[in-house]
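Peer 1: Sharing a structure below in structure tokens format, with a few things to ask.
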Amino acid sequence: MLGGGLGILFKVVTAFTLAHSITLSLAVLNLVSLPTPFIESAIALSVVWVAAENLWRKEVRHRWLLTFGFGLIHGLGFAGILQEMNLATTNLALTLASFNIGVEIGQLCVVTIAFFAVRWLQKYSWALHLRHWVSLGTIAIGSFWFAQRVGLVF
């Protein structure tokens with residue numbers, strides 16, 4: 001929601017995809033493994049962090065670095081889902097590459113639509129307030145998800 005240009009957003013999305021591709025591949029190949037509750041909790045906290053950043057951060061030029069780190073965590077979450085699907089080991093590299101390319105294309109499409117929607121909304125005086133409320137709502141949902149994952153809420 002902070003924006004920057006479309007090029008900056010594409011860089012952020014691609015950093016996320018590259019990072020999750022690394023950990024997803026390592027986890028599916030059983031080279032890396034972390035407990036699911038830890039991964040899910042870390043994913044929830046990453047959502048909270050980015051939403052909170054939308055409230056205070058003004059500079060987004062280096063967000064791709066943070067997003068790369070969060071992508072490493074999210075890749076482990078994706079891996080858990082793929083491992084439950086019992087993927088065939090034949091053509092596993094092609095399967096992983098196809099999945100990651102599909103995720104990248106999907107993310108770029110969603111980000112492009114969101115970019116132009118947010119740009120259109122900026123012409124309204126209430127747009128900044130909307131951004132703050134969406135960020136606060138995302139913080140609340142992410143915090144609840146985190147609390148569920150660590151057993152504070154059932």
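The values are calculated or read from the model by the stated rules, or taken from the named source; none is laboratory data. Small disclaimer: the values here were computed from a predicted structure and weren't measured. With ideal geometry, Cβ positions are generated from the backbone for all residues, glycine too; neighbour counts draw on all protein chains shown. Note: areas computed on protein heavy atoms with side chains; ligands, DNA, RNA excluded. Shrake-Rupley method; radii C 1.70, N 1.55, O 1.52, S 1.80 Å.
Peer 1: Tell me, what is the Rg over Rh of the chain, with Rh the Kirkwood radius over Cα pairs?
Peer 2: A ratio of 1.01.
Peer 1: List the chymotrypsin sites (Phe, Trp or Tyr not before Pro) within the stretch 101-144 that fall in a DSSP loop (any state other than H, G, I, E or B) and whose Cβ has at most 10 other Cβ atoms within 10 Å.
Peer 2: 124, 126
Peer 1: At 1.4 Å probe size, with every protein chain present, just tell me what the per residue accessible area of the chain comes to in Å².
Peer 2: About 60 Å² of surface per residue is accessible.
Peer 1: Sticking with this one: Which net charge results for the neighbourhood of residue 73, defined as the other residues with beta-carbon distances under 15 angstrom from its beta-carbon, given Lys and Arg at +1 and Asp and Glu at -1?
Peer 2: With Lys, Arg at +1 and Asp, Glu at -1, the net is 0.
Peer 1: Now a separate question. At a 1.4 Å probe, what is the % contribution of carbon and sulfur to the accessible area of the stretch 25-113?
Peer 2: Looking at the stretch 25-113 in its full context, I get 72 percent from C and S.
Peer 1: If you don't mind, another one. From the helices alone, meaning DSSP H stretches of at least four residues, give me the mean residue ellipticity at 222 nm for the chain, per-run term -39500 (n - 2.57), in deg cm²/dmol to the nearest 500.
Peer 2: Roughly -27000 deg cm²/dmol at 222 nm, from the helical runs in the chain.
Peer 1: Only Cα pairs within less than 10 Å get springs; with that Gaussian network setup on the chain, which residue of 123, 11, 58 has the largest fluctuation?
Peer 2: Highest fluctuation among the options: 123.
Peer 1: Can you give me the C-alpha center-to-center distance between the stretch 59-98 and the stretch 33-56, rounded to a whole angstrom?
Peer 2: Cα centres, the stretch 59-98 to the stretch 33-56: 15 Å.
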